[in-house]
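Okay, structure first, notes after.
Readers should treat all values here as calculations from the given coordinates under stated rules, not as data from a laboratory. These numbers come from a predicted model, not from an experiment. Cβ coordinates were reconstructed from backbone atoms using ideal geometry, including for glycine residues, and neighbour counts include every protein chain displayed.
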Amino acid sequence: MDITPHIRESRVIVDGYGDGGFRINGERHVGGLIVLETEALAIPSVTLDELTPAVLEPLIERADELDVVLFGTGDRMRFLPPAIMELLDHHRIGFDPMDTGAACRSFNVLVTEDRRAAAVLLPV
């Protein structure tokens, strides 16, 4: 019996992470990413200190389409800067910071459950 969940081809799946980047649907990306249901967008941030409200504009533009944004904060979980938390709260976007590996795995689970999720992934 095949128990592999069916994932639509249009969905983004994080295949791997490490060495300063990610493998998304089989394609290597170096640096940080915003991962949405149907696309992965490169961002200039590679550390939490470099993450600014301007970098998160693609999320804000889609605020009505999102229930939660997972934040992969690097090799360990770190709290988000206050300005980022205030921005997300203002736009009523739920968020959950965790280490990058956990964020990649959690994003994939949410995608297979057809949840309205995105991820901001900082490289390890």
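At a threshold of 8 angstrom on Cα-Cα distance, excluding pairs fewer than six apart, so keeping six or more, what relative contact order does the chain reach in percent? Mind showing how you got there, number by number?
Working: 245 pairs, mean separation 40.2, N = 124.
Relative contact order of the chain: 32 percent.
Mean separation of Cα pairs under 8 Å and 6+ residues apart, divided by the residue count of segment 57-106: what relative contact order is that in percent?
50 percent
What distance in nm separates the two pseudo spin-label positions at Asp96 and Arg115, each 7 Å out from Cα along the beta-carbon direction?
The modelled label-to-label distance comes out at 0.4 nm.
Counting only DSSP beta bridges with both residues in segment 14-121, tell me the antiparallel percent, nearest 5.
60 percent
Can you tell me the 0 to 90 degree angle between the C-alpha axis of helix 100-112 and the longest principal axis of the chain, rounded to 10?
60 degrees
Tell me the label-point distance for the pair Glu65, Leu41, using the 7 Å Cα-to-Cβ offset, in nm and rounded to one decimal.
About 1.0 nm, to one decimal.
Working only with C-alpha atoms, what are the Rg and Dmax values of the chain, expressed in angstrom?
That works out to 13.6, 48 Å for Rg and Dmax.
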